[in-house]
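Note sheet for the following structure.
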Amino acid sequence: MAIFQKAVRSKAKIRLSIDGPSGSGKTHSALLLAGGLAESGKIFLIDTERDSATLETGKPGIPEFFHAPLAQPFTPA
């Protein structure tokens, strides 16, 4: 016999991967998702594509974000 209980929202960590060819909207989609997940928090973006993420600034629906360029060589340090 099933016992019904009131559903309670639990906290969970997101596991997310965004994949696609150049120009398919990965950065745009990631910023939209971050805006929804941040809930008025700050969004930080590490850009490895010669500041291309800054092209998203000011587009409808895109939240404000902090930008940090990262240049080659890419190393763990």
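The values are calculated or read from the model by the stated rules, or taken from the named source; none is laboratory data. Bear in mind that the values here come from a model prediction, so they are computed numbers and not experimental data. Virtual Cβ from ideal backbone geometry, glycine too; neighbours counted across all protein chains shown. Calculation scope for accessible area: heavy atoms of the full protein, side chains included, ligands and nucleic acids excluded. Shrake-Rupley method; radii C 1.70, N 1.55, O 1.52, S 1.80 Å.
Assorted remarks:
- In the context of the full set of protein chains, residues of the range 6-64 present 88 Å² of accessible surface per residue (probe radius 1.4 Å, heavy atoms only).
- Relative contact order of the chain, pairs being alpha-carbon contacts under 8 Å that are 6 or more residues apart, as %: 26 percent
- In the set (i) 23; (ii) 54; (iii) 47, the label that goes with percent of Cα pairs over 20 Å apart computed for this structure is (iii).
- Hypothetical label at Phe74: residues of the range 33-52 whose amide nitrogen lies under 20 Å (7 Å Cα-Cβ projection): 34, 44-52
- Nearest 10 degrees, 0 to 90: helix 26-38 Cα axis against the chain principal axis: 50 degrees
- The charge dipole of the chain, taken about the Cα centre with unit charges on the Cβ atoms of Lys, Arg (+1) and Asp, Glu (-1), comes to about 520 debye, rounded to the nearest 20.
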